[in-house]
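Quick notes on the structure that follows.
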Amino acid sequence: MTIFIYFIFYIICALNIVSGIRKRNDSVLFAAALCFVFVLMTFNYKGPDIGVYIAEYNTIGHVSNPFKAVYMEWGYTLLTVICGKIGLDFFAFRAILSIIILSLFVNTINYYKAQRNLVMGAYMLYLFVFDTIQLRNCIVQFIILFATRYLFRKSRWSTLKFLICVAVAGSIHTIAYVYLSLVLIKMFKKPSFYKQLFIFVMALFVAFIVLQPLLPRLEAIISKFLSRGTGYLSGTITIGWLIVFLLYIIGLIALYLYKSKVRDRRAKSIIYTIIKVNIILGLFLPLTFINNNFNRIFRNNIILTLIGLTLIYKNSASAKDRQMSLCAFVAINAGWIYSDMFRRYDINIILKPIFDSNLIVNGMTSNLLLYTSVIVLSLAVVAILRLTVYPKRSANRRVVSDMSKIRVVYD
C-alpha cells in the first residue's frame, strides 16, 4: 500500500510539473495534488518533531498555566488550548491548520496569477516534506507569503495589514519577526536604493566570510544573555552557508535579468517587488554562518521566488528568457533538495515516515475521534473544491479591484 502511495504521489507531482511547463491550467491535477498533500501532511504520526507536537497537544490541557508550561509561542499555544477545550484531537486540530495554510497557499498563487501546476509540483518535491515536519514554521511561511501582496499596494492600510500578518505569524514562531524588515519596501521606492542595498548585502556577506573564525567566540558571548533560542547559536557549519547563498543569487539574478521582456504590466510590477524582497532578506545571509536553522528565513521565501519565475515563464516575449527562467526554477528546487534532503539530513528519516506512518494511508482511523474527523474532513473537501474548481470568477474580480492599488515601479 505504501509503495502505491509513493507512486501515485510522485506521478501526480510529475504531471503537475509537465502541465505547468506546457502552460496548461489543469484543475483536476491541482486538486489531486492538494488532496494528497492534505492527507499526508495532516495524518502523519511518526518522524522528526511530530512526537513533540502530539505530546504537547495532549498534555497542554492538564496544566494550570499552559503559557508558562510549554516553550512554544503564545499564539500557537492559544490555538492548542482552544481546540483542546472544544474536544478536537491533535489530528483534527492539524487538519484545521492544514486547511488554513493550504487556502493561503492557493489564494496567493491565484492572486499573483502564477502557473499553479508548476508551483504545486515544485512544492510537492521539497517544501512539502519540511512543512509536514516543522508545523509552526509552515504556518509562518504561508502567512508571510499571503501578506506579501500588501507590499506593493499604495495605502497605509495595506502597510497595517502586512504588520498585522507578521504579528500573527510571530505569535506562532518568532522567526516571523525577521520579515518586519520588508516594510522597507513601503518606505523606499527608488531603484537606486535597492542597488546600493544589494552592494551592502554582498559586502556584509564577504565580511562574514573573513570573520568566520571569530564567530564561535561571539556566539558564546551572546548566549550568556539569552534564556531561549541558544540552540540557534550552536552547531558546526561547513558549506551550508555557501549553498544557501548560491541558491539565493540564482533566484535574484534570474528575476532581475529576465523581467525586462515581460509583457504584462502587473506581472512585471510583482516581479520587481519580489526582487526587492530578496534583496532585503539578503541582510540576514550572515546568520547562515551561525546555524543551519537560519536557512529557513530563505527557505520560507522559495515559493515567492518561484512565483516570480513562473510569471516570467508565462509572460515573457523572449523564448530564451522563458527557458532560462525555467532553468533557474529547476535549479533552485534541485539545490534545496540536495542541501536539506541529502547533504544535511538522512532522506529516509525525514521522508519515509510521511508515507509509512499515516493514519489514513495505513487504515488506522480508529485512532481518530470519529465525529470531529468527519466534520474536519468535510470542511477540507469543501475548501479544496472551492480553491481549485471554482476560484476563477472571484479571483478575476480581485485582480480588477487590486489593479488600482498596485504601485507600478520597475526599471
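Tabulated results
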read-out	value
Solvent-accessible surface (1.4 angstrom probe) belonging to residue 174, in square angstrom, nearest 10	70 Å²
Calculated SAXS-style log₁₀ I(q)/I(0) at q = 0.09, 0.10, 0.12, 0.16 Å⁻¹ - the range 1-154, Debye, Cα scatterers	-0.34, -0.42, -0.59, -0.94
Spacing of the two label points (7 Å from each Cα toward its C-beta) at residue 154 and residue 349, in nm	5.3 nm
Kirkwood Rh and Cα Rg combined as Rg over Rh, evaluated for the range 138-211	1.06
Ordering of 183-189, 311-317 by burial proxy (mean other Cβ atoms within 10 Å per residue, highest first)	311-317, 183-189
Accessible area of the range 43-153 belonging to carbon and sulfur atoms, whole % at 1.4 Å probe	66 percent
Separation in nanometres of the label points that stand 7 Å from Cα toward Cβ, at residue 81 and residue 161	3.0 nm
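The values are calculated or read from the model by the stated rules, or taken from the named source; none is laboratory data. Predicted model, so just to flag it, every value in this text is computed and none were measured. Because the Cβ atoms are built from the backbone with ideal geometry, glycine has one as well, and the counts that use them run over all protein chains shown. These area figures cover heavy atoms from the full protein model, side chains too; ligands, DNA and RNA do not enter into them. Shrake-Rupley method; radii C 1.70, N 1.55, O 1.52, S 1.80 Å.
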